[in-house]
Structures are given as C-alpha cells and as structure tokens.
Amino acid sequence: MISAFRRTSVAIAAAGLLASVSGAALAQDMPGEGVTVTPLKSSIAEETFQTLLVMKALEELGYTVEDIREIEYAAAHVAIGNGDGTFLADHWDPLHSDFFTAAGGDEKIYREGVYSPGALQGYLIDKKTAEEHGITTIDQLKDPEIAKLFDTNGDGKADLTGCTPGWGCEQVIEHQLDAFELRDTVTHNQGSYSAIIADTITRYQNGEPVLYYTWTPYWVSGVLVPGEDVTWLQVPFSSLPGERSDVDTALADGSNYGFQANDQRIIANREFAEANPAAAKLFSIMEVSANDISAENLLMQEGQDSESDIARHADAWIAGNQETWNGWLEEARAAAN
C-alpha cells in the first residue's frame with residue numbers, strides 16, 4: 001500500500017512533469033513570449049494593411065507588438081539599423097537601396113525574402129490628351145506648347161503631380177527633370193501625395209489634361225486605369241541617381257517608365273532577427289500579391305479607411321488565405337527550435 005507521503009510525492013512529480021511539458025509546448029507555440037516588437041511605417045496610410053498583417057502574425061507567435069510608429073523612409077531605415085524600430089514592412093528594393101546602405105546595410109539590417117513583388121512606378125497622362133497630341137514620352141514636354149497642355153496655374157509650365165519629399169521617388173524625379181532637360185518646362189509639385197493626387201483626379205473628372213507620378217500597387221490605378229483612362233509615358237533613356245546611375249530601367253517587354261520594377265520587402269533590425277529566428281523566418285516567407293494590396297487600398301479610398309476597417313480587411317485576408325497563413329506560422333515556429 002502506497003503511503004500518503006509517497007502518493008503526495010508522486011503527485012508533485014507528475015504535476016512538475018506536466019508543467020514542464022506544458023511550458024515546453026508553450027515555448028514551441030509562442031517563441032516570441034516576452035519579446036516586444038516596434039513596427040515602423042511611412043506616412044502612406046495604404047501601407048497599414050501590409051504592416052498589420054505582419055503584426056498579427058507576430059502576435060500569434062507570442063510577441064508583444066506595440067502600435068505602429070509613423071516615420072518616413074530614410075529615418076525609418078536608420079531607426080531599424082540602430083534598433084529604435086524592429087521592422088518596416090515596406091522597404092522598396094531597389095528604390096530605397098541608398099537608404100539601406102546609409103543605415104548600415106546588411107551589417108545592421110536583416111533583409112530576406114520578397115513580401116510583394118513587381119511594383120511599378122512612373123509618369124502618366126490622360127489618354128485623351130496623349131492620343132490627340134501624339135504624346136508617348138516624357139521628354140516631349142521639352143516642347144513649351146506640349147507642356148502648356150498640363151499647366152494648371154497659368155505660368156506656362158506643365159504641372160506634374162509628384163512625390164512626397166522623403167519617399168525616395170522624389171530624388172528620381174528631380175534627377176530626371178535635369179537628365180531629360182525638363183527643368184524649364186515642368187514643375188514638380190510636391191506635398192501630401194493623397195491631397196495633390198485627389199486634386200489631379202478631380203481635374204481629370206472635369207475633362208482637364210493631367211500629368212502625374214504614381215506607383216503600383218496603389219488605389220490610384222484602380223480609379224485612373226492605365227490603358228483605359230490614362231497612359232504610361234516612356235522615358236528617352238535610363239537615368240537614375242546615386243548608386244543606381246548605370247542601371248537599365250527597361251522592363252522585360254521593352255517598356256521603359258524610368259523606374260526599376262521594385263519588390264516590397266520586410267526589413268528588420270539585424271540583432272533582433274538573429275536573436276529571434278521565428279520572427280526572422282516569418283519576415284522571409286510572408287508574401288502578399290500586388291493585386292490584393294491594390295484591392296484593399298481601393299476599399300480605403302472608397303471610405304473604409306478607419307483603423308477598425310483596415311483591421312477587418314486584414315482579418316478577412318487571413319481568413320481567405322488561412323492555409324497559407326498557418327503554414328507561415330508553422331515554419332516560423334520550427335525555425336525557433
């Protein structure tokens with residue numbers, strides 16, 4: 001007959017074993033337990049969706065995820081390199097390559113995998129004006145008569161809806177105004193992109209000519225549809241600033257919009273990634289299509305742009321891609337072992 005003392009000892013041992021097994025299972029399922037993550041994002045509201053997907057995945061891995069901190073790209077790269085931010089879900093490669101290098105490059109920043117491939121950028125005009133005047137290339141705006149078609153303030157120069165300072169695209173546009181000899185006939189209008197592109201769309205809807213810069217994936221091309229409402233302008237030759245000065249920007253089909261096709265990638269602090277293999281694996285394998293991003297961005301443009309709306313969009317995307325989502329989490333958890 002087992003004594004009360006022995007029964008108690010066995011029970012305690014069994015409880016200890018159960019707690020140990022439960023703790024090991026918890027550690028395996030929640031490898032991020034006790035670790036805090038700081039997500040960064042630019043002022044582009046439409047990047048919230050991609051950022052939120054990464055945040056939700058990290059939370060399922062047990063990480064404590066802080067609210068998004070908004071900071072423009074150049075400073076965000078420095079913050080990631082210095083450890084003042086954990087990850088940025090919208091590093092554009094190669095557009096942000098100079099920011100990446102200046103912030104310490106591979107030594108300080110982890111960058112593996114492609115989050116969303118095949119992003120395009122460039123200059124567009126309304127299709128009606130393009131066809132009426134035979135405009136196919138941006139350098140045709142060297143002609144003052146062509147430039148005047150896009151003059152919105154009466155100064156005789158074309159008004160280009162351009163890029164917000166600090167995003168990286170403004171450096172390319174400024175460089176190309178000189179390279180293509182457009183400085184005397186084109187004004188690069190900068191400011192809050194969402195405000196100036198809204199004004200551009202209104203002008204288009206009023207039947208006026210428009211000239212603007214944009215990128216995909218983004219909601220603008222769902223409102224002003226290339227090939228239907230507007231047309232891409234070619235550049236006369238490839239010309240980029242900085243370390244990409246010798247890069248050929250022509251696409252596989254021979255089109256040349258003046259910008260390289262970009263991949264959106266997740267970057268993270270190198271020390272964090274090395275100390276957190278589950279998060280590092282997650283960053284390297286997550287992927288969202290440009291079409292899905294554009295579709296969500298269009299919902300935002302149509303008024304579904306509150307924090308709760310975007311969270312609902314993210315949850316709907318996860319539910320619609322549950323098997324893929326679960327696979328990412330499984331791989332991330334396996335990397336932690």
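Where does the chain land on Rg(C-alpha)/(2.2 N^0.38 Å)?
Computed over Cα atoms of the chain, the ratio equals 1.24.
How much of the DSSP bridge set in the chain is antiparallel, in percent, rounded to the nearest 5? Before the final figure, lay out each step's value.
On the way: 19 of 32 bridges.
Looking only at bridges with both residues in the chain, the antiparallel portion is about 60 percent.
What's the local net charge at residue 83, with K and R +1, D and E -1, over the other residues with C-beta under 11 Å away? Numbers along the way, then the final one.
Values: positive: 108, 270; negative: 84, 271.
Summing Lys/Arg as +1 and Asp/Glu as -1 gives 0.
What percentages make up the Cα-Cα pair-distance distribution of the stretch 59-144 when the bins are 10 Å wide from 0?
That works out to 13, 32, 22, 17, 13, 3, 0, in percent per bin.
Excluding same-chain residues fewer than 8 positions from residue 142, which aspartates and glutamates have a Cα within less than 16 Å of its Cα?
Once the sequence-local aspartates and glutamates are set aside, what remains near residue 142 is 151, 155, 159, 174, 178, 181, 184.
Let me check against my output: what whole-number percent is the relative contact order of the stretch 212-337, with C-alpha pairs under 8 Å and at least 6 apart?
27 percent
At a threshold of 8 angstrom on Cα-Cα distance, excluding pairs fewer than six apart, so keeping six or more, what relative contact order does the stretch 118-244 reach in percent? Numbers along the way, then the final one.
Values: 192 pairs, mean separation 53.2, N = 127.
Relative contact order comes out at 42 percent.
Classify the stretch 189-337 as rounded, prolate or oblate from the Cα gyration tensor: take a ≥ b ≥ c as the square roots of its eigenvalues, call it rounded if a/c is under 1.5, otherwise prolate when a/b beats b/c and oblate if not.
Note, shape of the stretch 189-337 comes out oblate.
What translational diffusion coefficient, in µm²/s and rounded to a whole number, does the Stokes-Einstein relation yield for the stretch 118-244 at 4 °C and a viscosity of 1.567 mPa s, taking the hydrodynamic radius as the Kirkwood radius over Cα pairs?
89 µm²/s
Using the Karplus curve 6.51 cos²θ - 1.76 cosθ + 1.60 with θ = phi - 60°, what ³J(HN,Hα) values do you get for each residue of the stretch 308-323, in whole Hz, with x for Gly and Pro?
So the J values, rounded to whole Hz, are 5, 4, 5, 4, 5, 4, 5, 4, 5, 5, 4, 4, x, 10, 4, 5.
What does the net charge come to around residue 127 if you take all other residues with beta carbon closer than 11 Å to its beta carbon, with K and R at +1 and D and E at -1? Spell out each step's value before the answer.
Numbers: positive: 128; negative: 126, 131, 132, 228, 229.
With Lys, Arg at +1 and Asp, Glu at -1, the net is -4.
Counting other C-beta atoms within 10 Å, and keeping those with at most 12, which DSSP coil trypsin sites (Lys or Arg not before Pro) do you find in the stretch 186-269?
none
Looking only at GluC sites (Glu not before Pro) in DSSP loops with at most 16 other Cβ atoms within 10 Å, what is the longest site-free stretch of the chain?
In the chain, the maximal stretch lacking such sites is 113-180.
A short reminder: the numbers here are calculations on the coordinates, not readings from a lab. The structure displayed is predicted, hence computed values, not measured ones. So basically every Cβ, Gly included, is an ideal-geometry build from the backbone, and we count neighbours across all protein chains shown.
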